[in-house]
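Visitor: Once you've had a glance at the structure underneath, I'll fire off some questions.
The values are calculated or read from the model by the stated rules, or taken from the named source; none is laboratory data. Because the structure is a prediction, the values reported are computed rather than measured. All Cβ positions, even for glycine, are placed from backbone atoms using ideal geometry, and neighbour counts span all protein chains on display.
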Amino acid sequence: MKKDAYYFSHDSNAQDDPKCMLLIDQLGMEGYGIFWALIEKLRSEKDYKLPITITASFARRWCTSKEKIDTVVRNFNLFTVDENNFFSERLIRSMFEKSNHGKIAANKRWNNNQLMHEHHRALLVDARGMPDDAIKVKESKVKESKVKESKVNKNKIKEKKIKKDVYEIFECFRKLYPGTKRGLETEFCNFQKKHGDWENIIPALLPALESQIAIKKQSASLGGFVPQWKNLQTYINQRCWEEEVIVIVGKNNNEEFVGENEIPF
């Protein structure tokens with residue numbers, strides 16, 4: 001395997017998921033293989049999305065039919081299809097969680113290295129044993145100045161990292177949002193301007209949107225009315241992530257909503 005190959009987690013019991021079991025029942029292990037091949041291709045994309053028109057090319061490469069690939073994409077609730085693209089909501093969430101955990105670990109290592117470096121510098125200054133009081137005072141001031149400068153630089157770096165992390169969280173939310181949306185900078189500036197508590201809201205955006213998408217899909221599958229998504233600016237301005245979306249069942253459908261069934265990988 002190439003060193004630059006991308007990685008994603010894969011649960012050992014993924015084939016026991018009800019959606020995957022139904023896929024295998026209808027298309028056999030060929031269909032299951034197509035599913036994972038599509039996940040691998042999506043993982044290699046920057047935004048974890050692929051155009052729906054690419055299935056014909058995959059069919060030629062994988063020695064299968066375009067119809068089978070389209071069936072895997074559209075018929076088992078394993079992927080989400082928007083106007084021109086398809087993607088896996090579970091893959092996007094999994095990659096976001098993996099990226100977030102990696103950043104936390106990296107920041108912790110960076111902080112530990114800085115503390116060790118400052119402690120080492122302090123020991124070197126103490127070991128010099130300058131007999132002259134004036135020189136000692138001067139060295140102490142220089143040390144104090146450098147420590148303060150180091151702390152200021154450290155805080156600036158942390159602020160930049162925090163801003164980058166927040167940007168990435170908001171971008172995952174923005175990409176997943178099914179309705180009309182503008183660019184990242186425009187939507188994020190509007191979000192900050194509209195809500196003074198935006199830093200507290202950020203962690204709740206993506207989970208709330210995923211839940212609303214799942215419930216609306218369930219309503220649609222049960223024949224219920226599903227309103228169109230508002231544009232993202234309106235969704236943000238009206239704090240729609242706080243709305244409780246309920247399953248609406250069609251008149252001729254007596255099924256009950258049983259909750260989101262995630263794809264395990």
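Visitor: Could you tell me how many of the residues in segment 1-29 are surrounded by 14 or more Cβ atoms within 10 Å (Cβ to Cβ) and either modelled with pLDDT of 75 or more or assigned to a helix (DSSP H, G or I) (or both)?
Guide: Qualifying residue count, segment 1-29: 9.
Visitor: So, one more: When segment 42-55 is examined, which residues are found to be surrounded by 13 or more Cβ atoms within 10 Å (Cβ to Cβ) and in a helix (DSSP H, G or I)?
Guide: Listed by number, the residues that qualify are 42, 43, 52, 54, 55.
Visitor: Going through segment 209-232 one residue at a time, which ones are out of contact with any Lys or Arg (no Cβ under 9 Å at 6 or more places or on another chain) and surrounded by fewer than 17 Cβ atoms within 10 Å (Cβ to Cβ)?
Guide: 211, 217, 220, 221, 225, 228, 230
Visitor: Here are the criteria: (1) at pLDDT below 90; (2) not in a loop (DSSP other than H, G, I, E, B). Tell me which single one residue 213 does not satisfy.
Guide: (1)
Visitor: OK, next. Keeping to segment 191-222, report how many residues are within 23 Å of residue 83 (Cβ to Cβ) and over 18 Å from the mean Cα position of the chain (by Cα).
Guide: So the answer is 7.
Visitor: Quick check on this structure: which one of 69, 39 is touching a residue at least 40 places away in the same chain (Cβ under 8 Å) and out of contact with any strand residue (DSSP E or B) (no Cβ under 9 Å at 6 or more places or on another chain)?
Guide: Being touching a residue at least 40 places away in the same chain (Cβ under 8 Å) and out of contact with any strand residue (DSSP E or B) (no Cβ under 9 Å at 6 or more places or on another chain) holds for just one of 69, 39, which is 39.
Visitor: Sticking with this one: Exactly one condition in (1) in contact with a Lys or Arg (Cβ under 8 Å, 6 or more places away or on another chain); (2) in a helix (DSSP H, G or I); (3) surrounded by 14 or more Cβ atoms within 10 Å (Cβ to Cβ) is not met by residue 93; state its number.
Guide: Among (1) in contact with a Lys or Arg (Cβ under 8 Å, 6 or more places away or on another chain); (2) in a helix (DSSP H, G or I); (3) surrounded by 14 or more Cβ atoms within 10 Å (Cβ to Cβ), the lone unmet condition for residue 93 is (1).
Visitor: Which condition from (1) of a type in the set (S, T, N, Q); (2) out of contact with any strand residue (DSSP E or B) (no Cβ under 7 Å at 6 or more places or on another chain); (3) closer than 26 Å to residue 219 by Cα is the one that residue 55 breaks?
Guide: Unmet for residue 55, out of (1) of a type in the set (S, T, N, Q); (2) out of contact with any strand residue (DSSP E or B) (no Cβ under 7 Å at 6 or more places or on another chain); (3) closer than 26 Å to residue 219 by Cα: (3).
Visitor: Scan segment 167-190 and give yes if some residue there is basic (Lys, Arg), modelled with pLDDT of 85 or more and farther than 29 Å from residue 74 by Cβ, otherwise no. First the steps, then the outcome.
Guide: Initially, segment 167-190 is screened for residues basic (Lys, Arg), giving 174-175, 181-182.
Still in the running and modelled with pLDDT of 85 or more: 174-175, 181-182.
Checking the rest, the ones that are also farther than 29 Å from residue 74 by Cβ come to none.
Within segment 167-190 (the criterion being basic (Lys, Arg), modelled with pLDDT of 85 or more and farther than 29 Å from residue 74 by Cβ), the answer is no, since none of the residues qualifies.
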